[in-house]
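The values are calculated or read from the model by the stated rules, or taken from the named source; none is laboratory data. Here the structure is a predicted model, which means the values were calculated and not measured. In this analysis, Cβ positions are derived from the backbone assuming ideal geometry, glycine residues included, and neighbour counts consider all displayed protein chains. The protein model used for the area step is the full one, side chains on, heavy atoms only, and it has no ligands, DNA or RNA in it. Shrake-Rupley method; radii C 1.70, N 1.55, O 1.52, S 1.80 Å.
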Amino acid sequence: TTMKSLRFISAEAFVSNAEFARKSLRAVAHDLFPLLFKASYLLEQGEVIHDLVENWPLFDFNVGKLLGATLDYQEDLSRRTCSVCLESCLTGLRDYVLNQSSPYLKKLKVVDLTGIKDVEVQFCKCKKTMGRWARTQLLSKLCSELLVYLQQAQCNPGTFEISIDVLIDLFVTERNYELVVQALLKKCSCPLKICCVAFRSDNLTLQKFFYIIKLTDPSLLRKLEIVHNVRLEMEHLEILFNSIHFPLLMSLTLPARTFNVRRFTATDEQMLSNIGEKMGEMTQLTELSMSFSILTGRIQTLLSPLKTPLKMLDVSNCSLNHADMAYLANSFHANHLEALDLSGHDIPELYPSTFFKLLSHCSSVLRSLTLEDCNIQDTHVNMLILGLSPCQKLQEFKFIGNPLSSQALKHLFTFLCELPMLRNVEFPVPRDCYPIGITYPIDDASLCRFDHQKYERVAEELNLILLQANREDVKASTPLFGSYDAAVQETNNELGAYLIKSFKETLEKFTISFDKMS
């Protein structure tokens with residue numbers, strides 16, 4: 001358990017009686033508000049949180065900083081996306097604007113909600129989380145309600161002079177699109193001004209995506225994620241980059257199949273080159289994810305115009321060839337890569353030496369390496385250990401889907417214990433747990449058809465290796481269907497419904513054409 005200062009213990013005692021705390025707030029010194037906020041958040045005292053925010057006496061309200069490690073209480077609570085607490089924060093913010101009797105001078109200028117981290121395991125008592133999508137939804141709803149109220153009610157003229165920038169990571173899908181658009185359209189007249197720092201869109205038509213991205217004020221955008229069910233192809237990406245400037249963009253994620261060089265014409269080559277040039281103008285860009293595109297032989301075209309070295313690159317399942325790997329290994333990006341995902345490439349077969357050259361170049365900074373479905377076999381383990389040995393800063397290594405035996409995994413784990421910063425390992429189900437003759441990559445239907453008892457025994461032995469090396473700090477797991485994704489988890493019902501709908505439409509088209517044939 002984390003140590004608490006006497007001040008923090010006193011703050012907990014004060015807020016634990018909600019009724020008393022709310023009555024006494026007027027007598028509380030301004031500089032104690034942050035302390036009381038963190039104590040209330042820890043104890044999930046929603047009403048107290050609401051009143052603290054409603055009467056917030058300071059210039060800024062930065063949730064990440066307030067909940068992060070402080071001298072009074074080292075524990076970082078920013079990973080607790082507790083629904084009770086976050087809803088109280090946001091409704092408190094609305095009432096801050098409306099509250100005309102607050103004894104405090106209204107100084108608040110900036111609210112920063114971007115420090116909230118969505119994680120898999122929640123420690124809050126209520127066990128109900130408010131993810132990024134729900135925060136987007138609630139803030140948009142509160143902004144719209146606030147405007148309606150201000151237009152109808154007899155408000156203090158001072159209320160209209162309040163202007164608070166609310167920094168948030170927006171997450172927009174078909175289901176909350178209208179609400180967010182309304183809030184963004186009326187931003188000028190609303191005292192709470194949504195400032196979008198990061199934008200993620202899933203499950204949205206291109207027309208709607210293009211419309212809303214312009215409303216977010218792209219000049220402020222640091223992170224853009226276009227992920228599932230947004231049919232963005234290369235020509236649309238060129239239009240996007242030609243019509244909108246993203247001067248502060250640091251991180252870009254493109255949906256699957258944005259690029260497909262197998263169908264390329266001369267015009268397409270030019271288009272790809274233009275996109276590379278446009279990305280080169282984004283001088284802050286250091287993170288790029290373009291998984292499941294077909295980019296064979298074109299990595300250089302896209303990445304060579306970049307002025308700033310990439311720190312994160314995800315080119316999983318992009319059908320890279322030897323020329324691509326050679327470019328990566330020799331490019332100026334190699335020495336700066338902190339996170340690299342090369343999943344879905346047959347590394348030992350296609351370019352073993354070039355890959356190890358790339359690994360040696362980024363070894364001094366590499367923190368996360370993902371090599372899923374890379375056909376790494378028992379005979380390659382010694383070579384892999386040799387390549388990973390200099391990666392002393394490695395915190396995360398994911399290699400599920402590789403045909404490794406339990407013996408090879410034990411050998412590898414014995415080595416992994418020596419990497420001092422390592423915290424997370426995702427390892428495959430051993431090959432000897434599957435029926436003889438299984439082929440890799442394993443299809444979804446066969447994925448779960450392994451000897452579960454044998455797997456449990458092997459997993460225990462691997463954990464024992466970690467324990468005996470005093471590495472309780474390393475979490476080892478086998479997420480068969482990929483790592484946890486908070487955004488997908490939160491909107492999986494909507495995504496599922498969309499996939500069923502598109503499958504149904506495809507079937508109908510197929511049936512119609514079949515009828516015509518017969």
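Given a Förster distance of 45 angstrom, what is the FRET efficiency for Phe123 paired with His245, based on the Cβ-Cβ distance and rounded to 0.05?
0.65
Can you divide the C-alpha Rg of the chain by 2.2 N^0.38 Å and report the result to two decimal places?
With N residues counted in the chain, Rg over 2.2 N^0.38 Å equals 1.10.
Evaluate E = 1/(1 + (r/R0)^6) for Arg449 and Ser24, where r is the Cβ-Cβ distance and R0 equals 60 Å; express this FRET efficiency to the nearest 0.05.
Efficiency, from the Cβ-Cβ distance: 0.45.
Quick one: which of 153-160, 203-210 comes out on top by average Cβ neighbours within 10 Å, and what's the full order, highest first?
Answer by packing, highest mean first, reads 203-210, 153-160.
Name the residue from Cys143, Ala408, Thr216 whose Cα lies farthest towards the positive end of the charge dipole of the chain, charges +1 on Cβ of Lys and Arg and -1 on Cβ of Asp and Glu.
Cys143
Just how far, in whole angstrom, is the stretch 353-410 from the stretch 457-500 if you go by their alpha carbon centroids?
About 19 Å separates the Cα centre of the stretch 457-500 from the one of the stretch 353-410.
Leu288's amide H: which non-local residues (gap 5+, or another chain) put their own amide H closer than 5 Å, with H modeled 1.01 Å from N in plane and none for Pro or chain starts?
The list, which skips near neighbours in sequence, is Leu252, Met312, Leu313, Asp314.
Relative to the present Cα-Cα distance, how much length would full extension add between Met3 and Ala266 at 0.36 nm per residue of separation?
88.2 nm
For the stretch 363-373, take each phi angle, set θ = phi - 60°, evaluate the Karplus expression 6.51 cos²θ - 1.76 cosθ + 1.60, and give the result in whole Hz per residue in order, putting x for glycine and proline.
Going residue by residue, I get 4, 6, 10, 4, 10, 9, 10, 10, 10, 7, 6 Hz, with x marking Gly and Pro.
Taking 7 Å along the Cα-to-C-beta vector as the label spot, tell me the Gln154-Asn424 distance in nanometres, rounded to one decimal.
Roughly 5.6 nm, to one decimal.
What is the set of long-range amide H partners of His345 at a cut-off below 5 Å, with H atoms built 1.01 Å from backbone N?
Result for His345 returns Asn317.
Can you give me the distance in nm between label points at Ser219 and Thr205, each placed 7 Å from the Cα along the Cα-to-Cβ direction?
3.0
Long-range amide H contacts for Thr129: which residues qualify at under 5 Å (H placed 1.01 Å from N, peptide plane, sequence gap of 5 or more or a different chain)?
Amide H to amide H, under 5 Å and 5 or more residues apart or across chains, Thr129 pairs with Ser83.
Quick one: what do you get for the stretch 6-130 if you divide its Cα Rg by 2.2 N^0.38 Å?
Rg over 2.2 N^0.38 Å, computed on Cα atoms: 0.98.
Hey, can you find the accessible area per residue of the chain for me, probe 1.4 Å, expressed in square angstrom?
For the chain, the per-residue accessible area is 48 Å².
Set the Förster radius R0 to 41 Å, insert the Cβ-Cβ distance between His322 and Asp76 as r into 1/(1 + (r/R0)^6), and round the FRET efficiency to 0.05.
0.40
Past 22 Å, Cα to Cα: identify those pairs from Lys128/Lys398; Lys311/Lys475; Lys278/Lys307; Lys4/Lys125; Lys38/Lys107; Lys117/Lys214, in the order given.
Beyond 22 Å between Cα atoms: Lys128/Lys398; Lys311/Lys475; Lys117/Lys214.
Compute the length gained on full extension between Asp60 and Ser477: take 0.36 nm times their separation in residues and subtract their Cα-Cα distance, giving the result in nm to one decimal.
146.1 nm
Distance between the C-alpha centers of the stretch 72-146 and the stretch 216-287? Whole Å please.
Cα centroid of the stretch 72-146 versus Cα centroid of the stretch 216-287: 32 Å apart.
Provide the per-residue ³J(HN,Hα) series for the stretch 264-281, in order, calculated from phi with Karplus coefficients 6.51, -1.76, 1.60 and θ = phi - 60°, each as a whole number of Hz, with x at glycine and proline positions.
Per residue, the Karplus-derived 3J(HN,Hα) values read 5, 10, 4, 4, 5, 4, 5, 4, 4, 4, 4, 4, x, 4, 5, 5, x, 6 Hz.
For the pair Ala256/Val181, report the inter-label distance in nm, with labels modelled 7 Å from Cα in the Cβ direction.
Distance between label points: 2.7 nm.
Quick one: 3J(HN,Hα) in Hz for the stretch 391-404, Karplus 6.51/-1.76/1.60 with θ = phi - 60°, rounded, Gly and Pro as x.
Calculated HN-Hα couplings, in order: 7, 6, 9, 4, 10, 9, 9, 10, 9, 5, x, 9, x, 10 Hz.
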